[in-house]
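Participant: A single structure is presented below for examination.
The values are calculated or read from the model by the stated rules, or taken from the named source; none is laboratory data. Here the structure is a predicted model, which is why all the values come from computation and not from measurement. Here Cβ is always computed from backbone atoms with ideal geometry, including for glycine, and neighbour counts include all displayed protein chains. Only protein heavy atoms, including side chains, enter the accessible area calculation; ligands, DNA and RNA are left aside. Shrake-Rupley method; radii C 1.70, N 1.55, O 1.52, S 1.80 Å.
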Amino acid sequence: MDSATLPDSILIVDFGSQVTQLIARRVREAGAYSEIAPFTQAEEAFHRLQPKGIILSGSPAGVPEEGSPRAPQMLFEAGLPILGICYGQQVMSHQLGGRVEAGNQGEWEGEFGRAFLTVTQDCALFDGLWQVGERHQVWMSHGDKVTQFAPGFEIVATSDGAPFAVIADEERKFYGTQFHPEVVHTPDGGKLIANFVHRVCGLAGDWTMAAYRETKIAQIREQVGSGRVICGLSGGVDSSVAAILIHEAIGDQLTCVFVDHGLLRLNEREQVERMFRDHYNIPLVVVDAEARFMAGLEGVTDPEKKRKFIGGEFINVFEEEARKIGGADFLAQGTLYPDVIESVSFTGGPSVTIKSHHNVGGLPERMNMALVEPLRELFKDEVRELGRELGLPEIFVGRHPFPGPGLAIRIPGAVDKERCDILRKADAVYLEEIRNAGLYDAIWQAFAVLLPVRTVGVMGDYRTYDHVLALRAVTSTDGMTADVYPFDSAFLSRVATRIVNEVKGVNRVVYDYTSKPPGTIEWE
Ligand code: XMP
């Protein structure tokens, strides 16, 4: 994007915290555009973005550790407001001449979870929000702490475990919080970040999803130029929104490919064809790849091996299709933030690997198309908002998420066509009942899981020996945490009866009562 079209923005420097994206989200909620740059690329991002303020994220590392990350020193000399959060506060203190001590010193073991701080001085961050003498709940998660602040700073709030809970240098507009204002467990956190954005950095707060759409369209055009893009549709909201956004940016330079890997929900392929070809007029190639996926999955029971195979085979199919249409330079994907955070380890970005999401971790190195991922920084609910902004019908925008590896990760153990067919039917009955009961929109995600366990039952005068089916339904706002949806027992009985009667191969139905954490939403 050229500088004339750049929105006023905040640069977020990422040191690898699990929750850096939540900072971006809070900034968006405050009506401002932001970009996250890893600390190694922060200087380049600063010059490109010309931000009006900077936020330094938390980190799993500790400032006293050798080799731990540092912010580019030039950021502190740019004359812009800076907010350092947790590690960000510590690294700023350290780089400006203060002292940070490691957690494992003496009695101190760190401060984790809910804490209370006391406001000791006024400060621009607290304007209209916190008064001197008040106590407020915040979320702490730190082992190390600042033991001497840098010249120019003052303490404006303290807590038992962090005498420097908030420090401020009002003249330079540098602020540091030991706690995490970006998480919901700091009830006023969003407002503190909004204060930083509006009152300290002077941003108007008039940035919206409509502006996001425009910004992304400009970025896609710049990235792609006159190149050709191939986009994998999964039938879910994310890849659909990505495709429609990209189509809006570059029109028929985009070809969508929908791989029917035999792991789709009932009638999904027909629905996608109708929507993209007929409604949006987007060039669409449908590949029938069921046989090769089933062959490759034969006997594969390890969840990571399934995910890796499906991810790899997807890319194989894409490459073949790309060749057929005369080559594509880019592969577009609807990768979202939770996919990224749960798939990448610290060296490349944040956090530990929980699952290899097929659209991220499964990409073979050899892939020779560059990625276009316009939703990479968004959370699911934000993608839905963008979808509405793009005019997608509500029935599509409101669809429950569906994972890239499809039904394969809902069939623990070996996957074959017969099991997929059983699961498809049972899942459709379950979802139909949910819609009939008017519960679909109150649930984040509901689906059935076909277990590799057979149990004995009796139907009529006959003994049966068939599969157990588990039902799952959760509420969530971003898929990162989830609660079990509390169906009443009459509803569950109705679904169980229908499934056992209507779906051959299932003779017992159970309900999964596990939240996330400790469970994940999917079973694999
Ligand atoms: P988990 O099971 O990790 O899922 O709690 C969180 C959300 O992500 C979806 N999910 C995936 N989405 N590719 C995707 O596009 C994947 O490999 C994948 N695995 C899980 C899951 O359905 C839930 O909404």
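Participant: Scan (1) surrounded by 13 or more Cβ atoms within 10 Å (Cβ to Cβ); (2) in a loop (DSSP other than H, G, I, E, B) for the single condition T477 breaks and write down its number.
Facilitator: Single failed check for T477: (1).
Participant: Return the residues of region 59-77 that are more than 23 Å from D169 (Cβ to Cβ) and aliphatic (A, V, I, L, M); say none if nothing qualifies.
Facilitator: A61
Participant: Spot the failing condition for A482; the list is (1) among the hydrophobic types (A, V, I, L, M, F, W, C); (2) touching a residue at least 12 places away in the same chain (Cβ under 8 Å); (3) surrounded by fewer than 19 Cβ atoms within 10 Å (Cβ to Cβ), and only one is missed.
Facilitator: The number of the failed condition is (3).
Participant: Quick one: which residue in S226, S234 is among the polar types (S, T, N, Q), outside the structural domain of Y87 (by TED's automatic domain parsing) and within 16 Å of the ligand (Cβ to nearest atom)?
Facilitator: Values: S226 fails: within 16 Å of the ligand (Cβ to nearest atom).
Selected residue: S234, the only one of S226, S234 that is among the polar types (S, T, N, Q), outside the structural domain of Y87 (by TED's automatic domain parsing) and within 16 Å of the ligand (Cβ to nearest atom).
Participant: If a residue has to be modelled with pLDDT of 85 or more and either in a strand (DSSP E or B) or open to solvent by less than 30 Å² (accessible area, probe 1.4 Å) (or both) to count, how many in region 301-327 make the cut?
Facilitator: Qualifying residue count for the region: 8.
Let's see how each residue does on (1) more than 19 Å from G190 (Cβ to Cβ); (2) assigned to a helix (DSSP H, G or I); (3) small (G, A, S):
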position: A37; (1), (2), (3): yes, no, yes
position: T40; (1), (2), (3): yes, yes, no
position: E44; (1), (2), (3): yes, yes, no
position: P64; (1), (2), (3): yes, no, no
position: P69; (1), (2), (3): yes, no, no
position: F76; (1), (2), (3): yes, yes, no
position: V91; (1), (2), (3): yes, yes, no
position: G97; (1), (2), (3): yes, no, yes
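Participant: Same structure, new question: Is region 289-299 home to any residue that is assigned to a helix (DSSP H, G or I) and under 28 Å from the mean Cα position of the chain (by Cα)?
Facilitator: yes
Participant: Just name the residue that is surrounded by the most Cβ atoms within 10 Å (Cβ to Cβ) out of those in region 163-212 that are assigned to a helix (DSSP H, G or I) and small (G, A, S).
Facilitator: Looking at residues that are assigned to a helix (DSSP H, G or I) and small (G, A, S), I get G189.
Participant: Among V449, V468, V484, which is the only one that is out of contact with any helix residue (DSSP H, G or I) (no Cβ under 8 Å at 6 or more places or on another chain), within 16 Å of the ligand (Cβ to nearest atom), not polar (S, T, N, Q) and not assigned by TED's automatic domain parsing to the domain that holds K305?
Facilitator: That would be V484, the only listed residue that is out of contact with any helix residue (DSSP H, G or I) (no Cβ under 8 Å at 6 or more places or on another chain), within 16 Å of the ligand (Cβ to nearest atom), not polar (S, T, N, Q) and not assigned by TED's automatic domain parsing to the domain that holds K305.
Participant: For I55, state whether it is in a strand (DSSP E or B) and outside the structural domain of P374 (by TED's automatic domain parsing). Show your work before the answer.
Facilitator: On the way: in a strand (DSSP E or B): yes; outside the structural domain of P374 (by TED's automatic domain parsing): yes.
The answer is yes for I55.
Matching residues to (1) open to solvent by less than 40 Å² (accessible area, probe 1.4 Å); (2) at pLDDT 95 or above; (3) in contact with a helix residue (DSSP H, G or I) (Cβ under 8 Å, 6 or more places away or on another chain); (4) within 16 Å of the ligand (Cβ to nearest atom):
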{"position": "D488", "(1), (2), (3), (4)": "no, yes, no, no"}
{"position": "V495", "(1), (2), (3), (4)": "yes, yes, yes, no"}
{"position": "V506", "(1), (2), (3), (4)": "yes, yes, yes, no"}
{"position": "P518", "(1), (2), (3), (4)": "no, no, no, yes"}
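Participant: From the residues in region 107-162 that are in a loop (DSSP other than H, G, I, E, B) and of a type in the set (F, W, Y), which one is most open to solvent (accessible area, probe 1.4 Å)?
Facilitator: Residue satisfying both the conditions and the ranking: F149.
Participant: Among the residues in region 396-418, are any open to solvent by 20 Å² or more (accessible area, probe 1.4 Å), free of Cβ contacts under 8 Å to residues at least 60 places away in the same chain, away from the ligand (no atom under 16 Å from the Cβ) and not in a loop (DSSP other than H, G, I, E, B)?
Facilitator: Checking region 396-418: not a single residue is open to solvent by 20 Å² or more (accessible area, probe 1.4 Å), free of Cβ contacts under 8 Å to residues at least 60 places away in the same chain, away from the ligand (no atom under 16 Å from the Cβ) and not in a loop (DSSP other than H, G, I, E, B).
Participant: Can you tell me which residue in region 370-391 is modelled with the highest pLDDT, limited to those that are farther than 17 Å from I217 by Cβ and crowded, with 20+ Cβ neighbours inside 10 Å?
Facilitator: Per the stated criteria, the residue is R384.
Participant: Next question, about the same structure. Return yes when V360 is within 12 Å of the ligand (Cβ to nearest atom) and at pLDDT 90 or above and no when it is not.
Facilitator: Here the answer is no, as V360 does not meet what is asked.
Participant: Quick one: is A37 more than 19 Å from F379 (Cα to Cα) and either touching a helix residue (DSSP H, G or I) at 6+ places or on another chain (Cβ under 6 Å) or without any contact (Cβ under 8 Å) to a residue 40 or more places away in the chain (or both)? Outline the logic, then answer.
Facilitator: Values: more than 19 Å from F379 (Cα to Cα): no; either touching a helix residue (DSSP H, G or I) at 6+ places or on another chain (Cβ under 6 Å) or without any contact (Cβ under 8 Å) to a residue 40 or more places away in the chain (or both): yes.
No: the conditions fail for A37.
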